[in-house]
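Since the structure comes first, as structure tokens, the remarks are kept for the end.
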Amino acid sequence: MTEVGEVTEVREVTEVSVPNDDLWPALRRRTQARIGLGRAGTALPTRHRLELQAAHAAARDAVHSPFAPDRVAAELPGMPTVRVRSAAPDRLTYLQRPDLGRRLDAVDRAHLPGGAWDVVFVVADGLSSRAVHEHAAPMIRATAARLPGWHLAPVVLAEQARVALGDDVAAAMGATAVVVLVGERPGMSAADSLGAYLTHRPVPGATTDADRNCLSNIRPPLGLSYDLAAEKLAGLLERARQLGSSGVGLKDDSDSDGALGS
Amino acid sequence: MSVYTSTLGGERHRFGSLARLLAAASPERSGDRLAGLAARTARERIAARWALADVPLTDFLTEPLIPYEDDDVTRLILDTHQRAAFAPVASMTVGELREWLLSEAADPAALAALAPGLTPEMAAAVSKLMGNADLVAVARKVRVVTAFRSTIGLPGRLATRLQPNHPTDDPAGVAAALLDGLLLGSGDAVIGINPATDSPKAVRDLLELLDGVIGRYSIPTQSCVLCHVTTAVDLMAKDAPVDLVFQSIAGTQAANASFGVTLGLLDEAYEAALALDRGTVGRNVMYFETGQGSALSADAHHGVDQQTVEARAYAVARRYDPLLVNTVVGFIGPEYLYDGRQILRAALEDHFCGKLLGLPMGLDICYTNHADADDDDIATMLTVLGVAGASFVICTPGGDDIMLNYQSASYHDALYLREVLGLRPAPEFEAWLGSVGLLDDRGGIREIAGTTHPLTAIGRELAA
């Protein structure tokens with residue numbers, strides 16, 4: 001059996017597992033779908049069954065791996081950070097009670113530093129801490145570099161957090177805009193996809209998904225690159241500031257998926 | 001509003017309305033907790049079932065869960081209720097209905113005759129008193145047969161939706177997954193794609209791709225590109241090859257509004273699809289998807305529990321004599337159905353209620369990766385729903401949908417189910433499978449080397 005690590009590596013093994021057959025490899029170049037797997041009776045061959053289970057395991061681990069805010073903070077030299085938790089006390093509650101994941105823990109809220117911030121970046125574990133460990137810090141660095149003159153708040157690292165928690169954070173700190181970088185719901189071929197949600201002047205409890213702009217699938221090298229995502233995000237921030245609002249009124253030229261991590 | 005009470009173990013329980021009683025009687029599920037509607041204790045849940053068992057069915061006609069003036073689904077339910085069909089059970093309580101449904105008197109003919117006399121709330125109520133085995137036993141007796149180019153729901157048959165999704169709607173990628181499914185004997189319920197965008201051009205391109213394959217190989221099935229109903233209406237007006245009109249629906253007017261649909265829009269689409277007259281063996285032209293949790297997620301549940309509000313969506317569906325209806329049972333996530341146990345229970349409830357109300361119920365047996373479920377849960381659900389007589393199931397390559405990022409049944413799973421339960425594809429499709437050499441001498445699907453079958457031209461040309 002092959003060693004199972006990264007899902008993408010497992011899939012490459014699939015490519016060569018149908019010898020003497022020129023059709024399926026050619027077709028597989030056109031889709032990530034698990035096609036031409038062959039059969040053992042009516043069931044899957046052992047290798048493909050185990051490959052599916054490996055991909056599912058990677059997704060499950062992404063959902064349940066604890067968030068390590070220190071890892072993100074260590075990759076943000078020169079940028080102050082603050083740690084907060086949502087009102088969801090643990091992962092099990094978090095998964096069943098999205099309402100709690102959208103609210104700040106009351107004690108943590110009181111400790112957030114206020115200021116005349118133009119924008120606050122919130123790193124939220126969402127449904128994949130792996131995604132934020134790998135992609136949140138480089139994404140913040142790439143975006144901040146494109147915002148000269150902006151007054152950036154300390155980066156907020158939020159545990160058991162969903163997108164709307166950013167509304168609470170922005171309100172508590174007095175920030176004009178909030179960008180939530182959140183681990184998206186893991187699929188079997190992507191367990192480390194990061195989403196970025198921009199909201200201008202959010203109001204906790206009143207702001208809806210229609211008031212946000214979203215960039216999803218930030219996941220180089222297979223998904224959106226940091227440079228491209230940061231370029232789009234910085235552009236959206238500038239235009240939201242000019243327009244005085246974000247969401248459906250702000251033209252979003254990127255893929256949007258409100259279901260992810262919201 | 002009536003108050004319902006029961007005494008259990010010396011403790012008095014009081015439920016302030018029929019909606020509260022139904023919610024408290026529901027099996028434990030995360031969505032009802034999230035909505036604040038679930039029973040507070042296990043004893044309260046059973047006390048609610050005792051009280052519910054004594055509720056006369058006629059209460060559901062006089063005490064609407066959502067006011068008649070506020071909600072067009074309530075109006076639809078009450079205005080189309082057929083008193084004559086209701087007559088055989090009109091004097092029964094919910095508990096008595098359960099026993100009658102399980103009895104021999106409730107044979108397929110009696111159940112078919114009863115369907116227009118039942119309201120969704122009655123079906124949901126009785127399901128709350130039934131065990132999983134009860135839900136299987138009764139649903140298995142119900143026959144709902146529909147047809148377009150294939151016939152769905154005949155005894156001893158199981159159809160499949162072949163779902164060749166692709167994240168960018170790439171025609172070659174779609175064709176590759178389509179070929180894979182056909183070679184595994186899938187696609188008699190529908191070849192149905194969830195498009196990546198709702199743009200009319202993208203939808204039209206996919207419709208033409210599917211129509212081309214179906215026409216070229218004379219496949220007795222129908223296609224559907226699952227776009228918004230308004231997109232389908234526009235495309236039909238511009239002569240796009242629309243077989244089935246699709247729409248996601250829910251059990252309240254407000255939840256349907258969150259999907260951007262009204263009964264008027266559905267009426268318009270239904271008439272347009274009928275006028276195209278593209279079926280060969282039948283005229284069922286609509287395809288609906290539903291699923292527990294959508295009304296709650298749209299904040300449009302009116303204090304009605306997740307399963308009861310789901311059953312109300314079936315009243316919307318049956319207005320249009322659909323070819324196919326399926327609950328996408330575990331799709332939304334663990335905040336509505338937490339784990340495999342809750343998803344299985346919901347699948348059985350939805351299938352039972354839909355069948356009882358006269359719908360051709362199938363299922364997308366599925367979960368998301370943040371739910372506590374795995375491929376063994378898919379296998380269990382598939383087996384149980386196969387025994388329960390599901391009309392069709394949705395199948396994806398390897399059970400992994402790369403467009404919607406969720407796990408469903410696979411083409412292999414459908415082969416397994418047909419094998420172990422002796423089920424066959426829709427008759428027209430089965431004959432076609434034979435004509436293209438895909439049936440073996442036992443009626444199963446022959447294992448074909450990828451390079452040798454004439455159907456591989458579907459993928460070969462596009463992959464080049």
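The values are calculated or read from the model by the stated rules, or taken from the named source; none is laboratory data. All values reported here derive from a predicted model rather than from experimental measurement. Every residue, glycine as well, gets a Cβ built from its backbone with ideal geometry; the counts of neighbours run over all protein chains shown. Note: accessible area is taken over every heavy atom of the protein model, side chains too, but ligands, DNA and RNA are not part of it. Shrake-Rupley method; radii C 1.70, N 1.55, O 1.52, S 1.80 Å.
Brief remarks follow.
- When the range B:87-103 is filtered for residues that are closer than 22 Å to B:Ala388 by Cβ and aliphatic (A, V, I, L, M), the ones remaining, listed by number, are B:Val89, B:Val94, B:Leu97, B:Leu101, B:Leu102.
- The numbered conditions (1) within 14 Å of another protein chain (Cβ to nearest Cβ); (2) buried (at least 24 other Cβ atoms within 10 Å of the Cβ); (3) small (Gly, Ala, Ser) are all true for B:Ala124 except (1).
- Qualifying residues in the range B:74-120 (those that are within 15 Å of B:Ala53 (Cβ to Cβ) and of a type in the set (D, E, K, R)) - the one surrounded by the most Cβ atoms within 10 Å (Cβ to Cβ): B:Arg98
- Of all the numbered requirements in (1) within 14 Å of another protein chain (Cβ to nearest Cβ); (2) touching a Leu at 6+ places or on another chain (Cβ under 9 Å); (3) in contact (Cβ under 8 Å) with a residue 60 or more places away in the chain; (4) not polar (S, T, N, Q), A:Gly223 misses one, and that requirement is (3).
- Taking the range A:238-262 as the range and being at pLDDT 95 or above and in contact with a strand residue (DSSP E or B) (Cβ under 6 Å, 6 or more places away or on another chain) as the test, only A:Ala240 passes.
- When the range B:404-444 is filtered for residues that are surrounded by 24 or more Cβ atoms within 10 Å (Cβ to Cβ) and in a loop (DSSP other than H, G, I, E, B), the ones remaining, listed by number, are B:Ser408, B:Pro425, B:Ala426.
- Any hit, the range B:383-394, residues being away from chain A (no Cβ under 14 Å), crowded, with 24+ Cβ neighbours inside 10 Å and free of Cβ contacts under 8 Å to residues at least 40 places away in the same chain: yes
- Top-ranked residue of the range A:168-188 - restricted to ones that are within 14 Å of chain B (Cβ to nearest Cβ) and not in a strand (DSSP E or B), ranked as most open to solvent (accessible area, probe 1.4 Å): A:Arg185
- Matching residues in the range B:183-202 - criterion: being among the hydrophobic types (A, V, I, L, M, F, W, C) and either within 24 Å of B:Pro322 (Cα to Cα) or part of a loop (DSSP other than H, G, I, E, B) (or both): B:Leu184, B:Ala189, B:Val190, B:Ile191, B:Ile193, B:Ala196
- Hey, B:Ser218 surrounded by fewer than 24 Cβ atoms within 10 Å (Cβ to Cβ), hydroxyl-bearing (Ser, Thr, Tyr) and out of contact with any Lys or Arg (no Cβ under 8 Å at 6 or more places or on another chain) or not: yes
- The residues in the range A:99-129 that are part of a loop (DSSP other than H, G, I, E, B) and small (Gly, Ala, Ser) can be counted, and the count is 5.
- Selection from the range B:24-56 of residues that are touching a residue at least 12 places away in the same chain (Cβ under 8 Å), under 17 Å from B:Tyr338 (Cα atoms) and not in a loop (DSSP other than H, G, I, E, B): B:Ser30, B:Gly31, B:Asp32, B:Leu34
- Residues of the range B:132-171 that are within 14 Å of chain A (Cβ to nearest Cβ), surrounded by 19 or more Cβ atoms within 10 Å (Cβ to Cβ) and not in a loop (DSSP other than H, G, I, E, B): B:Thr160, B:Leu162.
- Wholly enclosed helices (runs of 4 or more DSSP H) of the range A:1-71 bearing at least 2 residues closer than 20 Å to B:His453 by Cβ and modelled with pLDDT under 90: A:23-28
- Evaluation of B:Asn326 against (1) closer than 24 Å to B:Thr80 by Cα; (2) open to solvent by 20 Å² or more (accessible area, probe 1.4 Å) (one fails), failing number: (2)
- All positions within the range A:50-63 that are over 22 Å from A:Gln160 (Cβ atoms) and within 8 Å of chain B (Cβ to nearest Cβ): A:Leu52, A:Gln53, A:Ala55, A:His56
- Residue in the range B:342-361 that is within 11 Å of chain A (Cβ to nearest Cβ) and either of a type outside the set (D, E, K, R) or closer than 29 Å to B:Pro67 by Cα (or both) present: yes
- Of all residues in the range B:238-294 being of a type in the set (S, T, N, Q) and open to solvent by 50 Å² or more (accessible area, probe 1.4 Å), the one that is nearest to B:Cys366 (Cα to Cα): B:Ser258
- Residues in the range B:420-447 that are facing chain A (nearest Cβ under 10 Å) and over 23 Å from B:Gln222 (Cβ atoms): B:Val420, B:Gly444, B:Glu447.
- Scanning the range B:76-106 for residues that are in contact with a helix residue (DSSP H, G or I) (Cβ under 9 Å, 6 or more places away or on another chain), of a type outside the set (A, V, I, L, M) and in a helix (DSSP H, G or I) yields B:Arg83, B:Phe86, B:Pro88, B:Gly95, B:Glu96, B:Arg98, B:Trp100.
- Tallying residues that are surrounded by fewer than 16 Cβ atoms within 10 Å (Cβ to Cβ), closer than 16 Å to A:Arg162 by Cβ and not β-branched (Val, Ile, Thr) within the range A:65-98 yields 3.
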